[in-house]
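Have a look at the structure below before the remarks.
The values are calculated or read from the model by the stated rules, or taken from the named source; none is laboratory data. Fair warning: this is a prediction, and the values are worked out from it, not measured in the lab. Because the Cβ atoms are built from the backbone with ideal geometry, glycine has one as well, and the counts that use them run over all protein chains shown.
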Amino acid sequence: MTKMTSEGLPAGFLEQLPNFKRISFAADSDGVGLLTLRRSDKLNAFDELMLREIRQVVWQANFNDKIKVLMIVGDGRAFCAGRDIMGLDYENNLSTAGYRAYVRANHEAFDDIEALEKPVIAVINGICAGGGVELAIACDFRIASEKAEFLLPENQLGVIPASGACSRMIQMIGIGRLKEMIMAVQPVDGVKAERIGLVNQVVPAGQLLDAAYAFARSLVSLAPQAVGMAKHIINTCQNVDTETGRLLERLGQSVLIRTQDNKEGMSAFKEKRRPKFNGN
């Protein structure tokens with residue numbers, strides 16, 4: 001089992017970013033960063049401050065070579081219940097143009113996660129609703145507890161999920177399943193989420209953090225530039241024709257083939273040993 005500190009962080013963490021009010025962050029000696037949403041009394045619902053703090057961590061992760069993988073978890077019994085409903089009065093009183101600008105800032109927080117050239121794992125322990133689902137699907141991988149529950153309840157408020165659910169999830173789970181979740185407001189438990197492709201792995205609740213760390217550390221051992229390039233090209237290929245996709249693959253490969261990590265990988269293969277990548 002993963003040992004935890006009194007603050008709820010994995011033991012042995014070396015780097016921490018202090019003074020956050022809505023989240024905590026630390027990174028261990030293996031290169032795994034842990035971003036924890038810390039509004040358990042609100043089921044980790046996010047407000048503008050939490051989104052700004054998430055963006056700060058993701059932005060710094062771009063430039064910190066010690067961080068190889070980022071995991072996002074929720075404190076307490078929820079991953080994230082989406083936007084803090086108490087903040088909707090402010091949103092609803094904005095002008096139409098002002099509202100679009102306001103929501104664009106929210107989109108950019110999730111776009112930052114999607115654009116980070118490092119793997120991001122959503123570790124989903126319980127309730128994952130509304131914008132919490134949209135936060136999770138902006139990540140590259142989702143590992144969920146069998147007790148997790150996914151819900152997009154916006155239609156019950158007379159609106160739609162508008163921060164990525166419609167656009168990101170349609171290729172992930174298909175149009176039929178997406179309509180069930182959005183139009184019919186049908187919940188999805190952890191087991192079904194894995195079956196329909198919403199999560200990559202579902203595990204018993206008591207094994208969630210260990211499973212997430214095991215997967216994260218398997219990613220740490222890979223060549224960083226190759227992982228980052230693969231992420232960009234795969235994400236982009238969702239929205240382009242196949243010929244453009246193949247062009248992107250050629251361009252990406254032409255960069256990677258010149259790296260020291262490629263030379264190391266080839267040498268390790270010939271010598272029948274594990275490669276030691278350094279990101280160059």
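Rundown of residues vs (1) exposed (fewer than 13 other Cβ atoms within 10 Å of the Cβ); (2) part of a helix (DSSP H, G or I); (3) among the aliphatic types (A, V, I, L, M); (4) at pLDDT below 90, yes/no style:
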{"residue": "Glu243", "(1), (2), (3), (4)": "yes, yes, no, no"}
{"residue": "Leu247", "(1), (2), (3), (4)": "yes, yes, yes, no"}
{"residue": "Gly252", "(1), (2), (3), (4)": "no, yes, no, no"}
{"residue": "Arg274", "(1), (2), (3), (4)": "yes, no, no, yes"}
{"residue": "Gly279", "(1), (2), (3), (4)": "no, no, no, yes"}
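Pull up the stretch 188-205, narrow it to residues that are outside any loop (DSSP other than H, G, I, E, B) and touching a helix residue (DSSP H, G or I) at 6+ places or on another chain (Cβ under 6 Å), then point me to the one that is surrounded by the most Cβ atoms within 10 Å (Cβ to Cβ).
Residues of the stretch 188-205 that are outside any loop (DSSP other than H, G, I, E, B), as a first pass: 188-196, 201-203, 205.
Now restrict to residues that are touching a helix residue (DSSP H, G or I) at 6+ places or on another chain (Cβ under 6 Å): 196, 202-203.
Working: Ile196: 17, Val202: 23, Val203: 17.
Among those residues, the one meeting the criterion is Val202.
Pick from Leu152, Leu208: which is among the aliphatic types (A, V, I, L, M), surrounded by 14 or more Cβ atoms within 10 Å (Cβ to Cβ), over 22 Å from Phe110 (Cα atoms) and touching a residue at least 24 places away in the same chain (Cβ under 8 Å)?
The unique qualifying residue is Leu208.
How many residues does the stretch 259-280 hold that are within 24 Å of Asn64 (Cβ to Cβ) and not acidic (Asp, Glu)?
Pass one, the stretch 259-280, residues within 24 Å of Asn64 (Cβ to Cβ): 259-262, 264-265, 275-280.
Filter once more, keeping what is not acidic (Asp, Glu): 259-260, 262, 265, 275-280.
Residues meeting the conditions: 10.
Okay, residues lined up against (1) more than 20 Å from Gly130 (Cβ to Cβ); (2) in contact with a strand residue (DSSP E or B) (Cβ under 6 Å, 6 or more places away or on another chain):
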position: Leu178; (1), (2): no, no
position: Val185; (1), (2): no, no
position: Val188; (1), (2): no, yes
position: Ile196; (1), (2): no, no
position: Val199; (1), (2): no, yes
position: Pro204; (1), (2): yes, no
position: Tyr213; (1), (2): yes, no
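Could you list, in sequence order, all residues of the stretch 254-272 that are surrounded by fewer than 15 Cβ atoms within 10 Å (Cβ to Cβ) and not hydrophobic (A, V, I, L, M, F, W, C)?
Within the stretch 254-272, Ser254, Arg258, Gln260, Lys263, Ser267, Lys270, Glu271, Lys272 meet the criteria.
Mind listing whichever residues of the stretch 105-137 are crowded, with 21+ Cβ neighbours inside 10 Å, touching a Ser or Thr at 6+ places or on another chain (Cβ under 8 Å) and not polar (S, T, N, Q)?
Selection gives Phe110, Ile124, Gly126, Gly131, Glu134.
Each row is one residue, and each column tells you yes or no for (1) among the hydrophobic types (A, V, I, L, M, F, W, C); (2) at positive phi; (3) assigned by TED's automatic domain parsing to the domain that holds Ser145.
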| site | (1), (2), (3) |
| --- | --- |
| Ile160 | yes, no, yes |
| Ser163 | no, no, yes |
| Cys166 | yes, no, yes |
| Ile170 | yes, no, yes |
| Arg177 | no, no, yes |
| Met181 | yes, no, yes |
| Val188 | yes, no, yes |
| Lys192 | no, no, yes |
| Gly197 | no, yes, yes |
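Restricting the stretch 211-241 to residues that are in a helix (DSSP H, G or I) and charged (D, E, K, R), which is surrounded by the most Cβ atoms within 10 Å (Cβ to Cβ)?
If we take residues in the stretch 211-241 being in a helix (DSSP H, G or I) and charged (D, E, K, R), then Lys231 is surrounded by the most Cβ atoms within 10 Å (Cβ to Cβ).
Among residues belonging to the stretch 1-27 that are part of a loop (DSSP other than H, G, I, E, B) and either touching a strand residue (DSSP E or B) at 6+ places or on another chain (Cβ under 6 Å) or modelled with pLDDT of 90 or more (or both), point out the one that is farthest from Tyr213 (Cα to Cα).
Selected residue: Arg22.
Only one of (1) surrounded by 16 or more Cβ atoms within 10 Å (Cβ to Cβ); (2) of a type outside the set (A, V, I, L, M); (3) touching a residue at least 40 places away in the same chain (Cβ under 8 Å) fails for Arg177. Which number is that?
The one condition Arg177 does not meet is (3).
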